[in-house]
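Here the structure is laid out as C-alpha coordinates; the discussion comes afterwards.
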Amino acid sequence: MNNVVVKLGKINRKKAAVIGHERSGTHFLMNTLAYNFGYISAPWFNFDFELGINFHAPQAILNILKQMHDKPVLNILKSHHPIEFFRDFIDYFAEQFFIFYIYRDPRDVMVSNWKLINFYHAQGWDEGP
(Lines give C-alpha, C1' and ligand atoms only; values in the text may rest on other atoms or scores of the structure.)
Protein backbone atom coordinates (compact mmCIF):
# COMPACT_ATOMS: atom_id res chain seq x y z
CA MET A 1 0.00 0.00 0.00
CA ASN A 2 1.20 3.50 -0.73
CA ASN A 3 3.71 5.33 1.47
CA VAL A 4 3.68 2.92 4.41
CA VAL A 5 7.06 1.90 5.74
CA VAL A 6 6.30 -1.56 7.09
CA LYS A 7 7.70 -2.40 10.51
CA LEU A 8 7.91 -6.04 11.53
CA GLY A 9 7.63 -7.50 15.01
CA LYS A 10 8.46 -10.88 16.46
CA ILE A 11 7.66 -13.99 14.42
CA ASN A 12 4.11 -15.34 14.86
CA ARG A 13 2.76 -12.02 16.15
CA LYS A 14 -0.73 -11.26 14.87
CA LYS A 15 -1.38 -8.01 13.15
CA ALA A 16 -3.96 -5.48 14.40
CA ALA A 17 -6.93 -4.03 12.51
CA VAL A 18 -9.08 -1.17 13.81
CA ILE A 19 -12.48 -0.80 12.19
CA GLY A 20 -15.22 1.70 12.96
CA HIS A 21 -17.30 4.56 11.61
CA GLU A 22 -15.58 7.89 11.06
CA ARG A 23 -15.41 10.01 14.23
CA SER A 24 -16.04 6.96 16.43
CA GLY A 25 -12.60 6.84 18.05
CA THR A 26 -10.55 4.84 15.57
CA HIS A 27 -7.41 6.92 16.08
CA PHE A 28 -7.86 6.90 19.85
CA LEU A 29 -7.97 3.09 19.74
CA MET A 30 -5.02 2.92 17.32
CA ASN A 31 -2.92 5.11 19.61
CA THR A 32 -3.94 3.02 22.63
CA LEU A 33 -2.84 -0.18 20.88
CA ALA A 34 0.44 1.43 19.85
CA TYR A 35 1.20 2.82 23.30
CA ASN A 36 0.28 -0.32 25.24
CA PHE A 37 1.04 -3.21 22.89
CA GLY A 38 3.82 -2.06 20.58
CA TYR A 39 1.82 -1.68 17.39
CA ILE A 40 2.46 1.31 15.13
CA SER A 41 -0.34 3.86 14.70
CA ALA A 42 1.52 6.09 12.22
CA PRO A 43 1.98 5.31 9.47
CA TRP A 44 -0.97 2.94 9.29
CA PHE A 45 -2.51 0.97 6.44
CA ASN A 46 -5.38 3.19 5.40
CA PHE A 47 -8.14 1.04 3.92
CA ASP A 48 -10.18 4.12 3.07
CA PHE A 49 -8.09 6.25 0.73
CA GLU A 50 -5.36 4.18 -0.92
CA LEU A 51 -5.31 4.70 -4.67
CA GLY A 52 -5.39 1.79 -7.05
CA ILE A 53 -7.38 -0.52 -4.78
CA ASN A 54 -11.00 -1.37 -5.46
CA PHE A 55 -12.42 -1.14 -1.96
CA HIS A 56 -15.81 -2.30 -3.18
CA ALA A 57 -14.49 -5.72 -4.26
CA PRO A 58 -13.87 -8.14 -1.38
CA GLN A 59 -11.38 -10.11 -3.51
CA ALA A 60 -9.22 -6.98 -3.94
CA ILE A 61 -9.11 -6.53 -0.15
CA LEU A 62 -8.33 -10.20 0.37
CA ASN A 63 -5.43 -9.90 -2.09
CA ILE A 64 -3.99 -7.03 -0.02
CA LEU A 65 -4.36 -9.02 3.20
CA LYS A 66 -2.63 -12.00 1.63
CA GLN A 67 0.40 -9.83 0.83
CA MET A 68 0.90 -9.66 4.61
CA HIS A 69 0.20 -13.38 5.17
CA ASP A 70 2.00 -14.68 8.27
CA LYS A 71 4.18 -11.54 8.42
CA PRO A 72 4.30 -9.89 11.86
CA VAL A 73 3.45 -6.41 10.55
CA LEU A 74 3.22 -3.87 13.39
CA ASN A 75 1.56 -1.09 11.35
CA ILE A 76 -2.14 -1.03 12.20
CA LEU A 77 -4.68 -1.54 9.44
CA LYS A 78 -7.47 1.07 9.70
CA SER A 79 -10.81 0.92 7.96
CA HIS A 80 -14.11 2.73 8.12
CA HIS A 81 -15.95 -0.03 6.24
CA PRO A 82 -18.89 -1.69 7.97
CA ILE A 83 -17.78 -5.02 9.44
CA GLU A 84 -20.17 -6.82 7.05
CA PHE A 85 -17.85 -5.78 4.21
CA PHE A 86 -15.33 -8.37 5.40
CA ARG A 87 -17.90 -11.20 5.61
CA ASP A 88 -16.55 -13.24 2.66
CA PHE A 89 -13.13 -13.61 4.26
CA ILE A 90 -13.68 -12.88 7.95
CA ASP A 91 -12.24 -16.25 9.05
CA TYR A 92 -8.98 -15.59 7.22
CA PHE A 93 -8.96 -11.99 8.45
CA ALA A 94 -9.42 -13.07 12.09
CA GLU A 95 -6.72 -15.73 11.74
CA GLN A 96 -4.18 -13.13 10.64
CA PHE A 97 -5.34 -10.06 12.63
CA PHE A 98 -6.68 -9.08 15.99
CA ILE A 99 -9.80 -7.24 14.82
CA PHE A 100 -10.88 -4.33 16.98
CA TYR A 101 -14.26 -2.90 16.06
CA ILE A 102 -14.93 0.36 17.85
CA TYR A 103 -18.51 1.44 18.38
CA ARG A 104 -19.66 4.85 19.54
CA ASP A 105 -23.19 6.08 20.06
CA PRO A 106 -24.24 7.30 16.57
CA ARG A 107 -25.56 10.56 18.02
CA ASP A 108 -22.11 11.36 19.40
CA VAL A 109 -20.52 10.41 16.07
CA MET A 110 -22.77 12.86 14.23
CA VAL A 111 -22.11 15.66 16.74
CA SER A 112 -18.37 15.08 16.39
CA ASN A 113 -18.65 15.08 12.60
CA TRP A 114 -20.70 18.30 12.68
CA LYS A 115 -18.04 19.99 14.83
CA LEU A 116 -15.25 18.82 12.52
CA ILE A 117 -17.00 20.05 9.39
CA ASN A 118 -17.70 23.44 11.00
CA PHE A 119 -14.09 23.70 12.18
CA TYR A 120 -12.79 23.03 8.66
CA HIS A 121 -15.37 25.38 7.15
CA ALA A 122 -14.15 28.17 9.48
CA GLN A 123 -10.62 27.51 8.18
CA GLY A 124 -11.82 28.04 4.59
CA TRP A 125 -11.92 24.37 3.63
CA ASP A 126 -15.10 23.04 2.07
CA GLU A 127 -15.84 19.39 2.86
CA GLY A 128 -18.04 19.20 -0.21
CA PRO A 129 -21.75 19.14 -0.96
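The values are calculated or read from the model by the stated rules, or taken from the named source; none is laboratory data. Predicted, not measured: the structure shown is a model, and the values here were computed from it. Please note: Cβ atoms are built from the backbone with ideal geometry, for glycine as well, and neighbour counts cover all protein chains shown.
Worth pointing out:
- Taking segment 60-118 as the range and being of a type in the set (Phe, Trp, Tyr) and over 16 Å from the mean Cα position of the chain (by Cα) as the test, the residues that pass are Phe89, Tyr92, Trp114.
- Residue match in segment 38-48 (condition: touching a strand residue (DSSP E or B) at 6+ places or on another chain (Cβ under 7 Å), assigned to a helix (DSSP H, G or I), in contact (Cβ under 8 Å) with a residue 24 or more places away in the chain and small (Gly, Ala, Ser)): no
- Of all the criteria given as (1) β-branched (Val, Ile, Thr); (2) in contact with a strand residue (DSSP E or B) (Cβ under 9 Å, 6 or more places away or on another chain); (3) touching a residue at least 40 places away in the same chain (Cβ under 8 Å), the one not satisfied by Ile11 is (2).
- Residue match in segment 101-116 (condition: touching a strand residue (DSSP E or B) at 6+ places or on another chain (Cβ under 6 Å), charged (D, E, K, R), surrounded by 12 or more Cβ atoms within 10 Å (Cβ to Cβ) and not in a helix (DSSP H, G or I)): no
- The single condition among (1) surrounded by 11 or more Cβ atoms within 10 Å (Cβ to Cβ); (2) out of contact with any Asp or Glu (no Cβ under 6 Å at 6 or more places or on another chain); (3) at pLDDT 85 or above that Ala122 does not satisfy is (1).
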